[in-house]
Amino acid sequence: MILLTGGAGYVGSTTARYLIEQGEQVVILDSLVSSSIEDVPSGAVFYKGDVADTALVTEIVKKHNIEACLHFAAFIDVAESIQNPYKYFENNTSKSLILFNTLKDNGVLKIVFSSTAAVYGEAKYIPIDENHSLNPVNPYGMSKFFIENILSSFEASYNVRFVVLRYFNACGAWGGSGEKHNPETHLIPLILQVPLGKREKIYINGIDYDTQDGTCVRDYIHVYDLACAHYLALNYLRAGGKSETINLGTGYGYSVKEVINVCEQVTGQEINKEICGRREGDAAMLIASNKKAKDILGWDISYNSLYDIIQSAYLFHKS
């Protein structure tokens with residue numbers, strides 16, 4: 001069986017659904033601090049608890065004969081990480097260290113880890129490949145950077161094998177799973193709250209970046225494609241693959257203004273917007289090279305169109 005930590009969250013629950021569709025047996029461990037029991041897919045075994053609860057993780061591994069762990073559990077709000085870095089290093093980094101040690105002690109030596117493009121910081125070149133220097137500009141990115149280094153150390157000393165998946169901007173909805181963070185911090189659902197009457201306007205944080213229209217540019221990758229990549233990474237490790245770090249993105253970037261324009265096309269409504277100052281910790285441009293994911297995992301993208309991605313999100317939020 002496969003253990004998914006944070007498997008009731010946005011990407012975790014989508015991946016759990018996808019794995020179950022592929023015939024995998026799934027165990028989810030989630031604290032439900034920032035997720036909901038409603039998002040645990042039927043067919044998964046669920047435990048409410050903390051990844052740093054050594055006794056609980058040991059019990060799960062032994063009872064369910066856990067073969068590998070897909071580690072999603074983390075706090076992800078960049079702005080909050082700047083205001084409260086302790087929360088992020090304690091929850092994301094320290095608890096991951098405890099989890100990995102418990103897994104290792106119980107013979108679980110295959111780990112797929114949800115990392116982030118935030119480990120790169122400001123892009124020195126575009127598209128960003130996995131050899132790009134790592135210089136995270138916020139505590140959230142740093143917390144994930146430290147976890148990546150912990151995994152490398154565990155490989156060297158304990159024969160743990162891993163695939164680190166560096167997400168660019170996860171978005172969209174599939175199989176009943178969509179973005180519904182509380183509070184919401186991601187651009188697409190925030191924009192869609194305006195035409196859905198849940199928010200008066202969308203704030204554009206800075207129009208003086210060195211980009212085509214002055215607003216931040218991001219690579220938006222559909223959550224279904226992320227789920228597929230996790231399954232491929234799991235099978236890659238099963239086949240004896242060596243540890244790898246792999247970007248997950250489309251290779252194409254959209255500015256904040258462009259995303260708002262597509263949201264207007266999808267909803268058929270003009271979206272009220274207001275320009276304000278830059279947000280601390282935001283890089284100007286993050287676009288992935290996904291060549292390694294295609295070469296090593298045989299991964300391909302199903303959702304190439306931003307319109308289709310946003311439409312899937314809009315239909316989810318509307319319902």
Is one or more of the residues making up region 254-262 modelled with pLDDT of 95 or more, among the aliphatic types (A, V, I, L, M) and within 18 Å of the chain's Cα centre (by Cα)? no
For I221, work out the one condition from (1) at pLDDT 95 or above; (2) out of contact with any Gly (no Cβ under 6 Å at 6 or more places or on another chain); (3) within 25 Å of E80 (Cβ to Cβ); (4) not in a helix (DSSP H, G or I) it doesn't fulfil. (2)
Which pairs do you get when a residue that is at pLDDT 95 or above, found in region 294-305, comes within reach of a residue that is open to solvent by 80 Å² or more (accessible area, probe 1.4 Å) and part of a loop (DSSP other than H, G, I, E, B), reach meaning Cβ atoms under 8 angstrom, with the pair 6+ apart or on two chains? K294/D300
From the set of residues in region 158-192 that are of a type in the set (K, R) and either outside any strand (DSSP E or B) or out of contact with any Lys or Arg (no Cβ under 6 Å at 6 or more places or on another chain) (or both), which is farthest from D129 (Cα to Cα)? K180
Can you spot a residue in region 136-155 that is touching a Lys or Arg at 6+ places or on another chain (Cβ under 8 Å), under 23 Å from Y252 (Cα atoms) and of a type outside the set (G, A, S)? yes
Let me confirm something: among K180, K198, which residue is open to solvent by 40 Å² or more (accessible area, probe 1.4 Å), under 15 Å from the mean Cα position of the chain (by Cα) and basic (K, R)? K180
Using beta carbons and a limit of 6 Å, which pairs, at least six apart or on different chains, have the first residue in region 31-60 and acidic (D, E) and the second one part of a helix (DSSP H, G or I)? D39/S13
Among all residue pairs at least 6 apart or on different chains, which show Cβ distances below 6 Å where the first residue, located in region 192-210, is without any contact (Cβ under 8 Å) to a residue 12 or more places away in the chain and the second is not charged (D, E, K, R)? R199/Q193
For region 138-146, indicate whether the set of residues that are assigned to a loop (DSSP other than H, G, I, E, B), surrounded by 15 or more Cβ atoms within 10 Å (Cβ to Cβ) and in contact (Cβ under 8 Å) with a residue 24 or more places away in the chain is non-empty. yes
Report, by residue number, each residue of region 253-271 that is in a loop (DSSP other than H, G, I, E, B) and touching a strand residue (DSSP E or B) at 6+ places or on another chain (Cβ under 7 Å). G253, I271
What number of residues within region 27-76 are among the polar types (S, T, N, Q), in a loop (DSSP other than H, G, I, E, B) and surrounded by 14 or more Cβ atoms within 10 Å (Cβ to Cβ)? 3
So, in region 233-252, exactly how many residues are touching a strand residue (DSSP E or B) at 6+ places or on another chain (Cβ under 9 Å) and either surrounded by fewer than 21 Cβ atoms within 10 Å (Cβ to Cβ) or farther than 24 Å from C171 by Cβ (or both)? 11
Scanning region 290-319 residue by residue, those buried (at least 18 other Cβ atoms within 10 Å of the Cβ) and among the small types (G, A, S) turn out to be A293, S312, A313
Within region 102-110, is even one residue farther than 26 Å from L187 by Cα, touching a Leu at 6+ places or on another chain (Cβ under 7 Å) and either of a type outside the set (F, W, Y) or not in a helix (DSSP H, G or I) (or both)? yes
How many residues, within region 77-101, are over 18 Å from T185 (Cα atoms), β-branched (V, I, T) and open to solvent by 40 Å² or more (accessible area, probe 1.4 Å)? 1
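The values are calculated or read from the model by the stated rules, or taken from the named source; none is laboratory data. Keep in mind that this is a model prediction, so the values were computed, not measured. For neighbour counting, all protein chains shown are included, and Cβ atoms are generated from backbone atoms with ideal geometry for every residue, glycine included. Please note that ligands, DNA and RNA were not included when accessible areas were found on the heavy atoms of the full protein model with its side chains. Shrake-Rupley method; radii C 1.70, N 1.55, O 1.52, S 1.80 Å.
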